[in-house]
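Here the structure comes first, spelled out in structure tokens, and everything after it is commentary.
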Amino acid sequence: MATIGDMHEDVLVEILSYVPARELLMSCRVVCRMWKDLVDAIHVWKGKCIREGYVKNNAEMYIKDWQKFYILLSTKKNLLKNPCAEEGFNHWTIDYNGGDQWKIEALPGAKGTAFPENHVKNYFVTSYG
């Protein structure tokens, strides 16, 4: 009977690259010495970087520590819900609504300019009351 230990290392690296970073570090590293070595090597983290769009597959980049590179880039994600007003004011609580009040405008808007990211279609606006 075959076990996971019989699996070719390249297949295991590919599977591990789909595991969330926290689980890789907290759970997978402590399974056995082989898994620790795989998680600590560049292949899992480089695969995660490519899959999540941090680098292109054919990019010739010299990264000294792919694990650190991945973790730093993954923390730059916007953690706000509905940051671009796609859902109106859902997930937002307005504490004070003075002046012309909070509104949502479509880009570029009356006073706005084109936004550098194409997926952003709306934005929150207000006036100073």
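Read-outs: derived from the displayed coordinates by stated rules, not from any lab. If you're wondering where the values come from, they're calculated on a predicted model, not measured in any experiment. All Cβ positions, glycine included, derive from the backbone under ideal geometry; neighbour counts span all protein chains shown.
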**Request:** Answer yes or no: is there a residue in segment 89-96 that is surrounded by 11 or more Cβ atoms within 10 Å (Cβ to Cβ) and closer than 30 Å to THR126 by Cβ.
**Result:** yes
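Residue-by-condition table, conditions (1) in contact (Cβ under 8 Å) with a residue 40 or more places away in the chain; (2) under 30 Å from SER127 (Cβ atoms):
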residue: MET1; (1), (2): no, no
residue: ILE4; (1), (2): no, no
residue: HIS8; (1), (2): no, no
residue: LEU12; (1), (2): no, no
residue: ILE15; (1), (2): no, no
residue: LEU24; (1), (2): no, no
residue: ASP65; (1), (2): no, no
residue: SER74; (1), (2): yes, no
residue: LEU80; (1), (2): no, yes
